[in-house]
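**Q** I'd like to ask you about the structure that follows.
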Amino acid sequence: VYTAISRNRQEQGIFVGSLDGREVSLLANVQSPTAFAGDALLFVREGILQVQSFDPSTLEFSTDARSYPLAEQVDWFSLSQNGTLVYRNLKAKNASPLVWFDRTGNVLDRVEGFTGSDHFSISPDRRFVAASRSGDIWISDLTRGVTSRLTFDPGEETSPLWSPRGDAVAFISNRDGKKAIYRKMTNGTNPEELLFEHPLLESIESWSPDDRFIVYTSFGQNGKSQNAILPITGDRKPIPLQSAFNTRQG
């Protein structure tokens, strides 16, 4: 049993197969460590460490394939041969706050309401911060100290980026199993707008000052990260920045 890690959602997950054969089958579409526990498998799904009955003779989950939670907020674990389990809890990792520093390294302030944020973006007027947290985009009003949720889809939203006018936030979502760039007005008057789909999107880098283009990074066919320019009006046909090397942070 092994875990395949891929930017392509269809090629990632926990797989099982015989050591003397070439046939493998997908057990669970999650990127997680996994371990045999007698007639069961341990793995992590959405931060929950689970155990699920497994039939080695068929290489499938048992008919009553219900999973049982063992621990929450887990991102890694290991199981010893005598059945002792050790795992890493995400609470400490998610306690990391967003902090303002001056150019000499002194702490000026903390952004309340944000912990464990992987990506964030500051609005042009420096009054708001948009950040990804727990799979959604949240906005913090730095003046009032109030945090509100911008996205509500069950998919995972990351890589928020403010528009140059400060009236919208672009972000990446994997909703419906498809990675895409969306735009949402921050006043809540309009629904989210799908701008562009790409199965190997990595991040959004920047938004041109004239509000016409977004630079994003995706995983290219040559196995390298590649910048491209996305017009957000018209046919929205990307303009790739061709290179034999990794290109990022355009």
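**Q** For the chain, what % of the accessible area comes from carbon and sulfur atoms, probe 1.4 Å?
**A** Details: 7450 of 15130 Å².
Carbon and sulfur together cover 49 percent of it.
**Q** What is the packing order of peptides 211-223, 50-62, taking the mean over residues of other C-beta atoms within 10 Å and listing the highest first?
**A** Going by the mean number of other Cβ atoms within 10 Å, highest first, we get 211-223, 50-62.
**Q** Using the alpha carbon gyration tensor of the chain, what are the three equivalent-ellipsoid semi-axes (square root of 5 times each eigenvalue), largest first, in whole Å?
**A** Equivalent ellipsoid of the chain: 38, 24, 16 Å, largest first.
**Q** What percentages make up the Cα-Cα pair-distance distribution of segment 16-115 when the bins are 10 Å wide from 0?
**A** 13, 33, 24, 13, 10, 6, 0
**Q** Also: With all distinct Cα pairs included, what does the Kirkwood hydrodynamic radius of segment 124-250 come out to in Å, to one decimal, could you say?
**A** That comes to 15.1 Å for segment 124-250.
**Q** When Lys and Arg each count +1 and Asp and Glu each count -1, what net charge do the other residues less than 15 Å away from Val24, Cβ to Cβ, add up to?
**A** Counting the neighbours of Val24, the net charge comes to -3.
**Q** Provide the per residue accessible area, probe 1.4 Å, for segment 59-210, rounded to a whole number of square angstrom.
**A** On a per-residue basis, 61 Å².
**Q** Once the piece of chain linking Ser134 and Arg88 is laid out straight, how much longer is it, given 0.36 nm per residue of separation minus the C-alpha distance between them? Display every interim value, and only then the final one.
**A** Numbers: separation 46, 0.36 × 46 = 16.56 nm, distance 1.75 nm.
Length gained between Ser134 and Arg88: 14.8 nm.
**Q** Any chance you could run the full-extension gain for Ala35 through Ala244? It's 0.36 nm times the residue separation minus the Cα-Cα distance, nm to one decimal.
**A** Full-extension gain reported as 71.3 nm.
**Q** While we're looking at this one, here's another question. Give the value in nm², to one decimal: projected area of the alpha carbon convex hull of segment 194-250, averaged over all directions.
**A** Directional mean of the projected Cα hull area for segment 194-250 stands at 3.9 nm².
**Q** Please name which of Ala40, Val99, Val51 has its Cα lying farthest along the dipole of segment 37-168 towards the positive end, using unit charges on Cβ (Lys, Arg +1; Asp, Glu -1) and the Cα centre as origin.
**A** Working it through, the farthest residue towards the positive pole turns out to be Val99.
**Q** So, one more: Expressed as a whole number of Å, what is the distance separating the alpha-carbon centroids of segment 215-244 and segment 1-57?
**A** One Cα centre to the other: 33 Å.
**Q** Here is a further query. Assuming R0 = 30 Å, what is the FRET efficiency of Asp153 and Asp55, from their Cβ-Cβ distance, to the nearest 0.05? Mind dumping the intermediate values first?
**A** Numbers: r = 35 Å, r/R0 = 1.18.
For Asp153 and Asp55, the calculated efficiency is 0.25.
**Q** OK, next. Just grab the label-to-label distance for Leu79 and Arg22, each label 7 Å out from Cα along the Cβ direction, in nm (one decimal).
**A** It is 3.0 nm.
The values are calculated or read from the model by the stated rules, or taken from the named source; none is laboratory data. Quick caveat, the model's predicted, so the values are computed rather than measured. We place every Cβ from the backbone using ideal geometry, glycine too, and count neighbours over all the protein chains shown. Accessible surface is based on the protein model in full, side chains and every heavy atom, while ligands, DNA and RNA are left aside. Shrake-Rupley method; radii C 1.70, N 1.55, O 1.52, S 1.80 Å.
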